[in-house]
1. Among Leu37, Leu50, which is open to solvent by 10 Å² or more (accessible area, probe 1.4 Å), hydrophobic (A, V, I, L, M, F, W, C), in contact with a strand residue (DSSP E or B) (Cβ under 9 Å, 6 or more places away or on another chain) and at negative phi?
2. Here's a check for you: in the range 53-73, which residue that is over 24 Å from Thr167 (Cα atoms) and among the hydrophobic types (A, V, I, L, M, F, W, C) is least open to solvent (accessible area, probe 1.4 Å)?
3. Take the conditions under 29 Å from the mean Cα position of the chain (by Cα) and either buried (at least 22 other Cβ atoms within 10 Å of the Cβ) or assigned to a strand (DSSP E or B) (or both) and apply them to Leu139. Does it pass?
4. One residue is enough: does the range 271-281 have a residue meeting the conditions surrounded by fewer than 19 Cβ atoms within 10 Å (Cβ to Cβ) and modelled with pLDDT of 80 or more?
5. When the residues of the range 456-472 are filtered to those that are in contact with a helix residue (DSSP H, G or I) (Cβ under 7 Å, 6 or more places away or on another chain) and open to solvent by 20 Å² or more (accessible area, probe 1.4 Å), which remaining residue is modelled with the lowest pLDDT?
6. Which of the residues that make up the range 619-641 are under 26 Å from the mean Cα position of the chain (by Cα), closer than 20 Å to Ser605 by Cα and surrounded by 20 or more Cβ atoms within 10 Å (Cβ to Cβ)?
7. Counting only residues that are open to solvent by less than 30 Å² (accessible area, probe 1.4 Å) and within 19 Å of Phe339 (Cα to Cα), which one in the range 476-501 is modelled with the lowest pLDDT?
8. Taking interchain pairs and intrachain pairs at least six residues apart, which have beta carbon atoms under 6 angstrom, with the first residue in the range 380-400 and farther than 21 Å from Phe525 by Cβ and at pLDDT below 80 and the second part of a loop (DSSP other than H, G, I, E, B) and of a type in the set (Val, Ile, Thr)?
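The values are calculated or read from the model by the stated rules, or taken from the named source; none is laboratory data. Remember, it's a predicted structure, so these values are computed and weren't measured experimentally. Heads up, the Cβs are rebuilt from the backbone with ideal geometry, glycines too, and the neighbour counts pull from every protein chain shown. Accessible surface areas use protein heavy atoms only, side chains included; no ligands, DNA or RNA. Shrake-Rupley method; radii C 1.70, N 1.55, O 1.52, S 1.80 Å.
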Amino acid sequence: MSAIRRSAFFLWLPVLMAMTAQAQIYQGKQLVQADALANVSAVVPGEPFLVGVRLKMQPHWHTYWKYPGDAGIPTDIKWEMPEGWRAGSIQWPIPLKLQEPGDIQIYGYHDEVLLIQQIAPAKNFTSPTVKLSAKVNWLVCEKICIPGDAVVTLSLPSAPTNSPANTDLFARFQKQLPGSPGTNFSASWKSDGTGLVLNVTQPDLAKFPSVEFFPSPPENVAVGHPRLESHEGGAYTFRIPLDNAKQDFKSLPGLIVFGNATDAPDRSAWDVSVGSEKATANENSTSRDVVRFLIFGFIGGFILNLMPCVLPVISLKIFGFVQQAGQSRARIFRSGLAFIAGIFVWFLGLALVLVIIKSAGGQPVWAAQFTNPYFVLFMSAVVLVFALNLFGVFEINLPQWLSRRAVAAGGSMHGDAGSFFQGVFATVLATPCTAPFLGTALGFAFTQSATVILLMFGSIALGMSAPYFLLSAQPAWLKFLPKPGPWMVRVKQLMGFLLIATLLFLLSVLGAQRGVGALIWTCSFLLVLSVACWLKGAFITPLASAKTRGLVLGLMLVLVIGGGIYFIGDKFQSAAAVANPTASGGGWEKFTPERLASELQQGHSVFIDFTAEWCITCKFNESTVLETAAVQAAFSERQIVKLKADWTNGDPAITKLLKRFGRPGVPLYVLYPGGTAQPYVFPELLTKNIVLEKLETVNRAIASQ
């Protein structure tokens with residue numbers, strides 16, 4: 001132990017206690033030791049102080065900076081503190097730039113690092129001591145990568161005054177924190193077709209042999225390797241490639257790092273983070289992009305009508321048009337507009353929710369509600385009720401006070417209100433389907449302003465509703481549909497069976513999310529719900545007495561509420577979520593960020609299938625392309641590692657990588673060819689030719705390293 005570490009240790013020991021966490025043991029060695037320290041001897045209520053999580057690594061092993069580079073995961077710290085206490089963001093020391101095999105460039109730390117955060121205690125804190133704990137997660141790598149975690153604990157007394165502690169250690173790492181540029185510093189950015197160019201001028205930079213730019217991009221921006229293009233005196237020009245340069249970023253957060261050598265211990269850095277605002281100099285190009293993606297959204301919305309999960313409800317609407325043949329043009333048009341209104345209300349409502357999430361600092365994702373098993377359960381119940389209605393078990397009636405004019409012929413669901421809710425219902429079922437063009441359009445929209453998000457969702461709604469607007473606006477076209485007759489009863493029942501097929505799909509999703517036990521309890525609740533629907537159809541009739549109606553209604557409520565409490569609130573809730581499988585058939589293995597980083601560091605080619613049980617497009621691509629003999633043979637021949645990223649339960653690590661590639665959800669298919677090649681993103685709808693042609697470009701020698 002060095003003199004500095006020894007003095008820091010003995011200075012720390014009398015004034016506080018930190019528990020050293022046991023991390024990974026590899027070949028008999030503990031790769032990382034983690035502990036927590038403070039820069040004060042005691043806590044003064046209301047007076048901020050610093051804490052640091054120290055990671056000590058075995059020689060040649062490294063952890064990662066906040067931007068890990070081509071591979072890796074940054075260290076994550078989550079503090080548990082008393083109510084009213086606040087923890088600031090991590091203060092990251094200047095990292096090292098490290099080169100890995102396969103031209104993989106990462107940013108991280110060797111030997112030892114102290115990640116500092118400011119803690120603001122509550123002013124009314126009165127306890128004699130305070131115990132702070134933090135869950136720390138990291139990835140440590142050498143030739144392989146191993147994830148690690150620890151819970152570090154720090155105990156400090158409370159006092160009216162305090163004195164400094166661990167002074168040398170904190171001073172050493174605070175000296176390594178980036179600073180602000182001086183008054184003579186200037187920086188300018190410009191974008192071109194491949195990325196960004198940064199021009200930096202500061203006379204003092206001419207004194208240093210090594211001047212570099214370390215990027216720190218947002219999660220959804222893929223950055224290539226920055227390089228120094230030219231320098232003269234204190235003026236430097238850096239080129240930063242962007243894999244998604246089409247987004248026209250006009251600047252990029254990052255550090256100007258300078259010193260006597262690239263790894264000199266006395267290096268300094270200036271933080272030139274000025275955000276990642278969209279370029280305004282290229283407004284015409286941006287406007288063209290918006291129009292192009294709005295067209296993609298319209299096409300994707302139109303194709304949603306052909307998705308299997310939507311077809312049953314769409315068939316109901318077509319069935320409604322058949323029933324309306326021969327009625328007044330105004331009535332047909334009003335019913336069509338009500339259906340279209342349901343589509344727009346759902347899409348624009350969803351857009352508003354996503355805008356709110358984004359304005360609050362969150363990252364919106366598409367179809368996230370289907371990662372919630374309770375939402376899938378609710379939709380299963382709704383689909384079953386609609387199916388029973390089509391089978392004639394009961395009739396869905398709207399209260400007369402709700403809207404007399406909205407209900408046709410005694411309150412059936414064929415009125416305007418029924419059309420509206422059918423439109424909403426169809427759109428809800430369409431959410432898990434990412435039609436071709438739709439994923440690209442949504443990925444673009446989620447990086448834009450609230451106005452563009454609303455326009456994009458409006459464009460999708462317009463595409464989905466276009467056929468119904470044309471049919472309702474031109475009733476003469478209804479003559480091409482069959483005439484009303486007894487056959488309609490059979491068609492109505494057939495639509496019920498299609499809804500049962502949709503129900504089976506939803507139940508399969510539930511089984512994947514929560515297991516067989518949860519599936520059994522769900523089916524038990526659905527059985528009780530079916531009995532309640534039968535009671536309504538059999539006993540709550542226009543001729544039934546008020547007493548009979550009341551008794552049956554009470555029995556229905558008891559069945560539904562009691563069944564919900566017992567089967568869902570108790571049994572279903574107690575069923576643990578099913579972890580994503582560790583491996584799948586056909587040689588697919590479970591995706592984790594650590595596994596991806598390890599494979600890339602070894603120079604292997606990697607193909608990732610981002611999928612989910614509720615994603616119809618994903619299942620279609622897998623059965624018709626990825627699981628075919630020809631594609632499987634191509635994977636095997638080139639020794640490509642196949643990873644399956646299962647997003648059924650909304651894995652945060654998968655969500656993060658989806659955002660990095662600018663996608664709001666699944667499906668997503670990415671090929672890391674190995675070597676210096678950048679990852680290739682496939683279209684949402686795959687064909688054998690697309691996949692096989694791209695796999696042909698993978699260098700077998702690189703893939704088998």
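1. Details: Leu37 fails: open to solvent by 10 Å² or more (accessible area, probe 1.4 Å).
Answer to the selection: Leu50.
2. Only one residue tops the list, namely Ala71.
3. Values: under 29 Å from the mean Cα position of the chain (by Cα): yes; either buried (at least 22 other Cβ atoms within 10 Å of the Cβ) or assigned to a strand (DSSP E or B) (or both): yes.
So Leu139 passes the test.
4. Step one: list which residues in the range 271-281 are surrounded by fewer than 19 Cβ atoms within 10 Å (Cβ to Cβ), which gives 271, 273-281.
Next, only the ones that are modelled with pLDDT of 80 or more stay: 271.
Yes, the range 271-281 has at least one match.
5. Just the residues of the range 456-472 that are in contact with a helix residue (DSSP H, G or I) (Cβ under 7 Å, 6 or more places away or on another chain), to begin with: 456-466, 468-469, 471-472.
If we keep only those that are open to solvent by 20 Å² or more (accessible area, probe 1.4 Å) too, we end up with 462, 466, 469, 471.
Details: Leu462: 89, Ala466: 85, Phe469: 82, Leu471: 72.
Selected residue: Leu471.
6. Within the range 619-641, Glu622, Val625, Leu626, Ile640, Val641 qualify.
7. It comes out as Leu478.
8. Pairs that qualify, where the first residue is farther than 21 Å from Phe525 by Cβ and at pLDDT below 80 and the partner is part of a loop (DSSP other than H, G, I, E, B) and of a type in the set (Val, Ile, Thr), are Leu398/Val407.
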